[in-house]
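What follows is a short report on a single structure.
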Amino acid sequence: MAREDRGRGRRDRDETPEFADRLVAINRVSKTVKGGKRFSFAALVVVGDQKGRVGFGKGKAKEVPEAIRKATEAAKRTMIRVPLREGRTLHHDMAGRHGAGKVVMRTAPQGTGIIAGGPMRAVFEMLGVQDVVSKSIGSQNPYNMIRATIDGLSKEASPRMVAQRRGKKVSDILPKTEAAPAAPVETAEVEA
């Protein structure tokens, strides 16, 4: 009886909808055999918790739903954690690369939104980023674009991570902000 409980508990944990997923691309692929062609489907899925974790996976099967399920399982196994500034944007500008696909990602002020192409947009939405400006250069292949985006995001470092690596305090790492004047200085308008 104890074995059944363990198995059921694990299955219940896996079925909890803590992760959102987005289907990025579906492709019909064929294999030529002696009697003709055999068709199957390849799916590319991005999965994330919209709180700083994201992953992608691909799956292939005879039917579309099965391919999507396999891709989702693969994506959950390859998730990475990305630190976000204020829970809405990246800490610093970065570039990612995979093959001929290059992507540039920049931080953005609040209210900018997600300015990104299709596959990159899916990654940012599943990650939980609200403000980012990005550009893909080179390959437009969705597989390479997503891999380049994940490559760039994995290089991101928060001030806390940098301070810990250097053995300093976070306040020593961040640039000093000058004290703002107590009251704004009013200028007299001159009529001409």
_Phi to ³J(HN,Hα) by Karplus 6.51 cos²θ - 1.76 cosθ + 1.60 over segment 67-83, Hz, x for Gly, Pro_ = 5, 5, 4, 4, 5, 5, 4, 5, 5, 5, 7, 10, 7, 10, 9, 10, x
*Antiparallel DSSP beta bridges within segment 2-173, as percent of all bridges there, nearest 5*: 95 percent
_segment 25-122: GluC sites (Glu not before Pro) in DSSP loop, at most 10 other beta carbons within 10 Å_ = 63, 86
*Put +1 on the Cβ of every Lys and Arg and -1 on every Asp and Glu Cβ in segment 67-127; which of 90, 105, 72 then has its Cα farthest towards the positive end of the dipole?*
72
_Amide hydrogen neighbours beyond the local backbone of residue 114, cut-off 5 Å, H modeled_ = 132
_Charge context of residue 75, other residues only, Cβ under 9 angstrom, K/R +1, D/E -1_ = +1
*Excluding residue 59 itself, what net charge comes from residues whose Cβ is under 12 Å from its Cβ, given Lys and Arg +1 and Asp and Glu -1?*
+3
*Per-residue HN-Hα couplings for segment 94-106 [Karplus 6.51, -1.76, 1.60; θ = phi - 60°; Hz; x = Gly/Pro]*: 7, 10, x, 8, 8, x, 8, x, 10, 9, 10, 10, 10
*Hey, can you rank 91-99, 121-129 by average C-beta count inside 10 Å, highest first?*
121-129, 91-99
_Whole-Hz ³J(HN,Hα) from phi, Karplus 6.51 cos²θ - 1.76 cosθ + 1.60, for segment 163-169, glycine and proline x_ = 4, 5, 5, 8, x, 10, 8
*Under 5 Å between amide H atoms, partner at least 5 residues away or on a different chain: which partners does residue 25 have, H built in plane at 1.01 Å?*
44
*Would you list which lysines come within 17 Å of residue 51, measuring only between C-alpha atoms, while excluding same-chain residues fewer than 8 positions from it?*
76
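Summing +1 for each Lys or Arg and -1 for each Asp or Glu, what net charge is found among the other residues whose Cβ lies under 9 Å from the Cβ of residue 134?
+3
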*Under a cut-off of 18 Å between alpha-carbon atoms, report the lysines in cross-link reach of residue 70, not counting same-chain residues fewer than 8 places apart.*
58, 60, 62
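The numbers here are math on the coordinates, done by the rules we state, and not lab data. As the structure is a computational prediction, the values presented were derived from the model and not from experiment. Reconstructed Cβ throughout: ideal geometry from the backbone, glycine too, with neighbour counts over all protein chains shown.
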